[in-house]
1. If you scan the stretch 362-378, which residues turn out to be in a loop (DSSP other than H, G, I, E, B) and crowded, with 16+ Cβ neighbours inside 10 Å?
2. Has the stretch 197-216 got at least one residue that is at positive phi and out of contact with any strand residue (DSSP E or B) (no Cβ under 7 Å at 6 or more places or on another chain)?
3. Do you know which of the residues in the stretch 241-251 that are out of contact with any Ser or Thr (no Cβ under 6 Å at 6 or more places or on another chain) and crowded, with 20+ Cβ neighbours inside 10 Å is farthest from S289 (Cα to Cα)?
4. Tell me, please, whether a residue that is in the same structural domain as W77 (by TED's automatic domain parsing) and free of Cβ contacts under 8 Å to residues at least 12 places away in the same chain can be found in the stretch 282-299.
5. Could you say whether any residue in the stretch 257-271 is at pLDDT below 95, closer than 30 Å to V389 by Cα and either outside any strand (DSSP E or B) or not aromatic (F, W, Y) (or both)?
6. Among the listed residues A130, A157, identify the single one that is farther than 30 Å from D199 by Cα, modelled with pLDDT of 95 or more and assigned by TED's automatic domain parsing to the domain that holds M196.
7. Look through the stretch 50-62, keep the residues that are in a helix (DSSP H, G or I) and surrounded by 24 or more Cβ atoms within 10 Å (Cβ to Cβ), and return whichever of them is farthest from the chain's Cα centre (by Cα).
8. Which of the following residues is surrounded by 16 or more Cβ atoms within 10 Å (Cβ to Cβ) and under 20 Å from H219 (Cα atoms): I83, I87, I114, I122?
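The values are calculated or read from the model by the stated rules, or taken from the named source; none is laboratory data. Please read these numbers as outputs of a predicted model, since none were measured by experiment. Cβ atoms come from the backbone with ideal geometry, glycine included; neighbour counts cover every protein chain shown.
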Amino acid sequence: MKKQLLPETSCTVCKRPKVFFRPTWVEIDKSDFHFNLKKIKEYLAKDTKIMAVVKANAYGHGGVAIVKEAQVAGLQWFAVSSIEEGIQLREAGIKVNILILGNIFPFENFQVVISHFLTPTISTITGLIALAELAVKINKRINFHLQVDTGMGRIGALPEAAYLILQKIAQIPEVCMTGMYTHFAVADIDPVFTKMQIDVFTKIVRFSKINLGLRFIAHSANSAALFKYKKSHFDMVRPGLSLYGLNPFKHSDRFLKLKPVLSWKTKITFMKKVSAGFCVSYGRTFITSKTSIIATLPVGYADGLNRLLSNRGDVLVGGKRCPIIGRITMDMTMIDVSDVKGVSLGDEVVIIGTQGSEQIKIDEPAKLQDTINYEVTCAISSRVPRIIV
């Protein structure tokens, strides 16, 4: 018997066919990704660089594949959250600049960072000295970026400490600050606080370049700031969710109209016709009120389909909305397809995306879960294949 690919795909890393037998997958539309990247480039000044944020598996979109597509478009800077994420990209053959946004600790890990040609973040004099000692030990000048905490309250040197660190940097020839950055806490909702952050960072950048003669790339703008605050662009911007067509705030399409890159699909693998009074799933939280056709999908909360969508969310079948009924289980979900004419086993089901004239945007399940859109994509489990289309 001939082995069937469900669906037929190709691996985004190697050239051999990628086979998966459970018909649940994510599609990444590379043309929409390039469309978004082009729109962002057009919105920026000609010389402004772009650092694509690809942490958390590119917000659930598939880090390696996204980086390779971004490289095709000429991007040379990428940001990850950890050493492990950086190593994964290096092992996939990625040779461009990779900045680790996370704090490096213990400092012995600098050796791993440098051996994989990753760029570390520094936020303290202690970390700076540890990096300089390693540079002396390996007889090699080491590049890094300094993070300044202008109001995020997470990691980074506070402004008063940053000035002291910068003076120390200017005195240590073994290390080279090739970048300085900050991060915004409320760029999507609070212009007063965000402008304060921009002003604080601007003063530190000017002090570094004018008073200390340092030469580096300054960057601060996440997607929301990129859209709203031109003064936050500096030498480079750091879009994350906007690259994937996710809205950084309500009505952000008034600034840039982007296209969602990700679709999440599955297929009906079981169906049954039941009478009124039939109970569905754990806890008997759904009982049919009439004769119904119930379809079972091979996807559940272990795949990232949040249990909070039980008895609340919809999917698309035959271009029509069908409700999720009963509690979502670890590996399976039930839907009511009674109103879908001609529904049958193997029909494609859209969890996120478009089918016919209907669409379920990522913001919809996010709102039902009382969360942000990119938590939804980040939560899609690694056991769901990502397919570039």
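1. I362, Q369, I372 - these are the residues of the stretch 362-378 that are in a loop (DSSP other than H, G, I, E, B) and crowded, with 16+ Cβ neighbours inside 10 Å.
2. The answer is yes; a qualifying residue exists.
3. For the stretch 241-251, the residue satisfying everything is L243.
4. Within the stretch 282-299, not a single residue is in the same structural domain as W77 (by TED's automatic domain parsing) and free of Cβ contacts under 8 Å to residues at least 12 places away in the same chain.
5. Within the stretch 257-271, one or more residues are at pLDDT below 95, closer than 30 Å to V389 by Cα and either outside any strand (DSSP E or B) or not aromatic (F, W, Y) (or both).
6. From the options A130, A157, the qualifying one is A130.
7. Per the criteria, the residue is G60.
8. Result of the check over I83, I87, I114, I122: I122.
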